[in-house]
Amino acid sequence: MNPFKVLFIGLGGAGQRHLRILHDLLPEETEFSCYRRTGKTPFLRPDFTVDETKSVVDNFKLKIFENIGLAFANKPDLTIISTPTSCHYEPMMMALNVGSSIIVEKPWSADLTGFLEFRDGILKKNLRFLISFQRRYHPLIAKANHLIKYGKIGKPMFASFTVLSDVRSWHGYEDWRSLYAVRPELGGGVLLTEIHEVDLIYWFFGMPIAVSCSGGNRSAEKLDVEDTIQMILLYDTFSVQLTLCFMHKNKMRNFHVAGTDGDIYWNEENNELIFKSFSGYNEEFRDPSFLTESMFISQAKEFISNWTIKQTLESLNSASVTLAIVTAAKRSMKNGFIEYIDKAYLLE
């Protein structure tokens with residue numbers, strides 16, 4: 001795939017990262033354009049610090065559209081959508097209608113309204129679709145998935161995933177209270193914002209049967225979204241615990257999978273994966289110099305060169321299953337009951 005026209009809807013931090021990577025990977029004659037509703041995010045370096053000497057538009061020679069309808073009338077071959085969560089659906093459908101392949105930031109939308117129409121349209125028109133769950137392109141996380149899928153730790157007995165971060169320190173260039181993550185009307189809340197781990201659990205173990213979830217605004221800051229949750233995802237013979245919090249100053253990201261024949265541990269701090277077999281065979285993998293950017297680069301390279309219909313199907317399933325899990329978790333958090341997950345959106 002060598003798209004001639006690439007359209008960006010939204011150029012905040014995530015959008016600029018996609019732009020920077022695709023600008024480096026695609027041919028020089030590629031036309032890059034954008035539609036920005038506010039245009040308030042300045043030029044960002046790869047580490048998300050501000051470079052006041054540069055302009056996003058000038059640096060990447062972007063064609064600007066003041067109207068989203070005109071942007072799609074230009075018939076882009078590829079559309080990258082990096083707006084707040086609740087603003088994903090409309091441009092995705094507009095892209096679909098003009099026959100554009102799509103990369104959308106996670107999650108697919110704030111809920112699954114309209115998903116079946118979107119999915120059927122993508123498949124009917126044979127378009128490429130990718131939801132940016134880039135952690136699947138982390139070499140050590142992919143290694144853990146391989147070990148699980150090939151039975152290296154036997155049958156799973158239990159697993160735990162933890163993500164702690166502090167949303168107040170995410171973007172030094174803007175007031176954290178304006179971030180979509182803490183605004184319910186923009187699709188905020190820690191469940192949708194940190195949905196990456198929900199996707200990893202689905203990738204590792206498949207779709208759970210049901211979930212039990214508790215959480216809410218547990219921090220000292222008064223928010224209208226949940227900033228902390230604990231969820232149990234139930235499978236036939238095991239369960240997975242997921243803890244998410246984006247109002248905690250002790251940053252942490254890790255998981256542990258326990259099986260009948262061994263254990264797998266991974267932590268982000270040292271980028272360390274440990275595989276321990278009860279047979280006495282152990283392996284340790286470390287790459288402390290690993291850069292987050294490399295996951296996005298690997299994902300983009302795969303999409304523009306080797307993407308298949310099978311991968312589009314997998315991405316559609318990831319988009320729908322993760323939202324189905326989050327939807328059930330929100331119901332459980334509200335009513336205190338175990339909630340079954342809707343399988344109607346899953347393509348077998």
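What follows is calculated from the coordinates using simple rules that are stated; it is not laboratory data. From a predicted model like this one, the values you see are computed outputs, not experimental measurements. Every residue, glycine among them, receives a Cβ derived from its backbone with ideal geometry; neighbour counts consider all protein chains shown.
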Practice prompt. List, in order, the whole-Hz ³J(HN,Hα) value for each residue of the stretch 147-157 obtained from phi through the Karplus relation with A = 6.51, B = -1.76, C = 1.60 and θ = phi - 60°; use x for Gly and Pro.
Written response: 4, 5, 5, 9, x, 5, 10, x, 7, x, 10
Fill in: Percent antiparallel among DSSP beta bridges (both partners in the stretch 5-134, rounded to 5)
5
Worksheet item: Remind me, relative contact order of the stretch 5-134 in percent, using alpha carbon pairs under 8 angstrom and six or more residues apart?
Response: 25
Worksheet entry | Antiparallel DSSP beta bridges within the chain, percent to nearest 5 | 60
Discussion item. Tell me the net charge near residue 150. Cut-off is 12 Å between Cβ atoms, residue 150 excluded, with +1 for each Lys or Arg and -1 for each Asp or Glu.
Written reply: +2
Worksheet item: Can you tell which of 216, 15, 69 shows the greatest fluctuation in a Gaussian network model of the chain with Cα springs below 10 Å?
Response: 69
Worksheet item: What are the residues whose amide H is under 5 Å from the amide H of residue 5, where those residues sit 5 or more places off or on another chain and H is modelled from the backbone?
Response: 31, 77, 78
Worksheet item: If one computes the Cα centroid of the stretch 122-170 and of the stretch 317-338, what distance in Å separates the two points?
Response: 18
Response to the item:
Sorting 201, 9, 159 by the position of each Cα along the dipole of the chain (Lys, Arg +1; Asp, Glu -1; all at Cβ), the one nearest the positive end of that ordering is 9
Discussion item. Net charge around residue 328, counting only other residues with Cβ within less than 14 Å of its Cβ (Lys, Arg = +1; Asp, Glu = -1)?
Written reply: +1
Worksheet item: Karplus couplings for the stretch 130-145 from phi (6.51 cos²θ - 1.76 cosθ + 1.60, θ = phi - 60°), rounded to Hz, Gly and Pro as x?
Response: 9, 9, 7, 8, 5, 5, 5, 9, 7, x, 6, 5, 5, 5, 4, 4
Discussion item. Let me spell out the model: positive unit charges on the Cβ of Lys and Arg, negative unit charges on the Cβ of Asp and Glu, origin at the Cα centre of the stretch 160-214. What dipole size does that give, in debye rounded to 20?
Written reply: 100
Worksheet item: If you put +1 on each Lys and Arg Cβ and -1 on each Asp and Glu Cβ, how big is the dipole of the chain around its Cα centre, in Debye rounded to 20?
Response: 300
Worksheet item: What list of ³J(HN,Hα) values in whole Hz, one per residue of the stretch 224-231 in order, does the Karplus curve 6.51 cos²θ - 1.76 cosθ + 1.60 (θ = phi - 60°) give from phi, with Gly and Pro shown as x?
Response: 9, 10, 6, 9, 9, 9, 10, 10
Worksheet item: Kirkwood hydrodynamic radius for the stretch 135-340: how many Å is it when counted over pairs of different Cα atoms?
Response: 18.2
Item to complete: Show which lysines lie in cross-link reach of residue 143 when reach means a straight Cα distance below 24 angstrom and same-chain residues fewer than eight apart are skipped.
Response: 106, 152, 155, 251, 276, 301, 310
Response to the item:
Other residues with Cβ under 11 Å from the Cβ of residue 191 give, with Lys and Arg +1 and Asp and Glu -1, a net charge of -3
Discussion item. With an 8 Å Cα cut-off and a minimum separation of 6 or more residues, compute the relative contact order for the chain in percent.
Written reply: 18
Discussion item. Along its three principal axes, how long is the stretch 78-178 when you only count alpha carbons? Whole Å, largest extent first please.
Written reply: 47, 41, 24
Practice prompt. Sort largest first and round to whole Å: the equivalent ellipsoid semi-axes of the stretch 5-134, each the square root of five times a Cα gyration tensor eigenvalue.
Written response: 24, 16, 13
